[in-house]
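Engineer: The structure is given below, and queries will be raised subsequently.
The values are calculated or read from the model by the stated rules, or taken from the named source; none is laboratory data. What you see is a predicted model; the values in this text were computed from it and never measured. Here the Cβ positions follow ideal geometry from the backbone for every residue, glycine too, while neighbour counts run over all protein chains shown. Ligands, DNA and RNA are excluded from the accessible area calculation, which covers all protein heavy atoms including side chains. Shrake-Rupley method; radii C 1.70, N 1.55, O 1.52, S 1.80 Å.
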Amino acid sequence: MKSLFSNLFVQDSSNVFAENRLLKFGFVAVVIFAGLQTATISTKLDEQRVHLIPIGGQGDFVISGSTASDDYLRSMSRYIVHMAGDLSAATARRQLNELLPLIHPDEYSRYRDLFTRLADGIERYPTVSYVVQWRGNRDIKKVGDDTIHVAGVKKRIVGDSVTSTENVTYQISYSFEQGRFWLTGIKEVSNDA
């Protein structure tokens, strides 16, 4: 196969050097193009928007990169509080295990052990159950970029009667990675002093 530069110069070595310069220029151009493509793809992944509408869901459920709409965060907060707060001996282990896939991998072991201990404790007393009630959207507040506070009333029920009622706030910490919601922490804080 004849080279593009085979007859450009009189001397053969000059033709080889010219061809090498052209190949070097082509290689640099390909590297620059690949870098630009990588940067563009990375930017577009952060701009990608996913509209999620669960069954019975109302509102604008949008996740975009590392953020989500308020409706999505409100719905996730309610779900998490329901699963972690409304517990009985018959449902505790199943509900807490259902929360585990939401836990961030860095926190998974700690929360798996915590949920197991909590379920074991609740199962020892089959007549005791807990119910958390929230009063509406005003009790769900976003605090900072990655924390939500959900205020509610927690009732302890023994048999058929309510034995205690306390105001509580659930502090929910979360993060988004590539459009996926991760629960990084959940803590119950009593409001009664």
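Engineer: Of the residues that make up segment 12-22, is at least one among the small types (Gly, Ala, Ser), in a helix (DSSP H, G or I) and modelled with pLDDT of 85 or more?
Structural biologist: No, the conditions are met nowhere in segment 12-22.
Engineer: Moving to a separate point now. Every residue in segment 127-140 that is of a type in the set (Val, Ile, Thr) and open to solvent by 70 Å² or more (accessible area, probe 1.4 Å), please.
Structural biologist: Hit for segment 127-140 is 127, nothing else.
Engineer: Is it fair to say residue 67 is under 23 Å from residue 145 (Cβ atoms), among the β-branched types (Val, Ile, Thr) and either open to solvent by 70 Å² or more (accessible area, probe 1.4 Å) or modelled with pLDDT of 95 or more (or both)?
Structural biologist: yes
Engineer: Scan segment 25-44 and tell me whether some residue there is charged (D, E, K, R), at pLDDT 85 or above and over 18 Å from the mean Cα position of the chain (by Cα).
Structural biologist: Restricting attention to segment 25-44, the residues satisfying the condition of being charged (D, E, K, R) are 44.
If we keep only those that are at pLDDT 85 or above too, we end up with none.
So far as segment 25-44 goes, no, none of its residues is charged (D, E, K, R), at pLDDT 85 or above and over 18 Å from the mean Cα position of the chain (by Cα).
Engineer: I would also like to ask the following. Would you say residue 159 is at positive phi, open to solvent by 30 Å² or more (accessible area, probe 1.4 Å) and at pLDDT below 90?
Structural biologist: Considered against the rule, which asks whether it is at positive phi, open to solvent by 30 Å² or more (accessible area, probe 1.4 Å) and at pLDDT below 90, residue 159 comes out as yes.
Engineer: Which numbered condition trips up residue 97, out of (1) open to solvent by less than 70 Å² (accessible area, probe 1.4 Å); (2) polar (S, T, N, Q); (3) not in a strand (DSSP E or B)?
Structural biologist: Here residue 97 meets the rest and fails (1).
Engineer: Inspect all residues belonging to segment 138-151 and state whether any of them is of a type in the set (Lys, Arg), part of a strand (DSSP E or B) and at pLDDT 90 or above. Before you say what the answer is, go through the steps one by one.
Structural biologist: Here is the first cut: in segment 138-151, the residues of a type in the set (Lys, Arg) are 138, 141-142.
Next, only the ones that are part of a strand (DSSP E or B) stay: 141-142.
Then drop every residue that is not at pLDDT 90 or above, which leaves none.
Taking every residue of segment 138-151 in turn, none turns out to be of a type in the set (Lys, Arg), part of a strand (DSSP E or B) and at pLDDT 90 or above.
Engineer: Give segment 106-126 a look and list any residue that's in a loop (DSSP other than H, G, I, E, B) and either open to solvent by less than 80 Å² (accessible area, probe 1.4 Å) or in contact with a helix residue (DSSP H, G or I) (Cβ under 8 Å, 6 or more places away or on another chain) (or both), or say none.
Structural biologist: Listed by number, the list holds a single entry, 107.
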